[in-house]
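Taking it in order: structure first as C-alpha cells, then the write-up.
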Amino acid sequence: MRSAVSGLFDLTGRTALVTGASSGIGAAIAEALDGAGARVLRAGRDRDRLGPDGISADLAGGAADLIEQVDARTDTVDILVNCAGTNPRPPLAEIDDALYREILAVNLDAPFQLGQHYGPRMAARGWGRIINVASTQAHRAFGDSGAYGVAKAGITGLTRSQSEAWAPSGVTANSLTPGLIATPMTTAVLADPERAEYFRRRAHTGTLGAPSDFAAAAVFLAGPGSAFVTGQNLCVDGGLSVT
C-alpha cells in the first residue's frame, strides 16, 4: 500500500520547467519537484542562484528566448510551472503604458506563451501538468494591487482556459494562490511591522507563509495522483482568502 501511495507523487522520468526558480516560491517548487524525481530546468533572472544547469531568462521581453534555450536542452517538457513574477507596487495612477506592459509581460503574457508552446505538445503525448502561480490580489485589492492584480486575475482565467483546451488529452492545468509569503518580492511589505502583523492576524493560522509551504502542493499537482484535478485554484495561504 505504501508503494502504491508513493507512486501517486512519483515524478521519475518527467521533465519540469520552472520559471522564477532563482528564489522564493519558484525555488522551493523546483527543489520539491527535483526531490520527487523529476529532471528540473530552472529558469530565472538571477543566474548565479540557479546553479550550473540554470537558464537565464528575463521574461519582460517575452518567452521566445527561454523557449529556444529549453528546447535546445530537451525534447520534452512534461510539467510547466509558471512562477516568475514582478510587482513594483506603484499606485495605479502612476502606472504608465510602458510599466503596465512590462508587468503584464512577465506575469501573464509569458505564462500564456509558454502554455501555447508546451501545452499542445503535452496533449499530443497524452500527459502533462501546468501549474500557474496566482495571487490573493487576483481576487482582492490591497497594497497597490495595480497592474499586478490585473495580471494575476488573468492567470486564474488562463488556467481555466488551458484546462478546457487540454484536459481531454490528459493535461491538467491548475493554479496556486499564495497568501503573504516571506520572499524577496514581499520584502518591502514585511518591512512594515504593522502591515505584517495585519496579515498574520488575518490568516487562520496566525502566521505568514514560507516558500517551503508550496512543496507538497506542487508535487501533488505535478504528479499522477492529480489526474482528475484540473481548472482549480488551490489557495496556500493559511486561511487568508476565507477571512
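For segment 157-180, how many residues meet the condition of being open to solvent by 40 Å² or more (accessible area, probe 1.4 Å), over 23 Å from Ala215 (Cα atoms) and of a type outside the set (Gly, Ala, Ser)?
Residues meeting the conditions: 2.
Report yes if Gly154 is in contact (Cβ under 8 Å) with a residue 24 or more places away in the chain and buried (at least 24 other Cβ atoms within 10 Å of the Cβ), otherwise no.
So Gly154 does not fit the description; no.
Given the criteria open to solvent by 10 Å² or more (accessible area, probe 1.4 Å) and small (Gly, Ala, Ser), does Ala124 qualify? Even if it seems obvious, please write down each step before you answer.
Numbers: open to solvent by 10 Å² or more (accessible area, probe 1.4 Å): yes; small (Gly, Ala, Ser): yes.
Judged against the criteria, Ala124 is a match.
Could you list, in sequence order, all residues of segment 197-219 that are open to solvent by 80 Å² or more (accessible area, probe 1.4 Å), hydroxyl-bearing (Ser, Thr, Tyr) and in a loop (DSSP other than H, G, I, E, B)?
Thr205
Which one is modelled with the lowest pLDDT, of the residues in segment 220-243 that are open to solvent by less than 20 Å² (accessible area, probe 1.4 Å) and not in a loop (DSSP other than H, G, I, E, B)?
In this case the residue turns out to be Leu240.
The values are calculated or read from the model by the stated rules, or taken from the named source; none is laboratory data. Since this is a predicted model, take the numbers as computed values, not measurements. Cβ: placed from backbone, ideal geometry, glycine included. Neighbour counts: every protein chain shown. Each accessible area value is taken on the protein alone, full model and side chains, heavy atoms only, with ligands, DNA and RNA left out. Shrake-Rupley method; radii C 1.70, N 1.55, O 1.52, S 1.80 Å.
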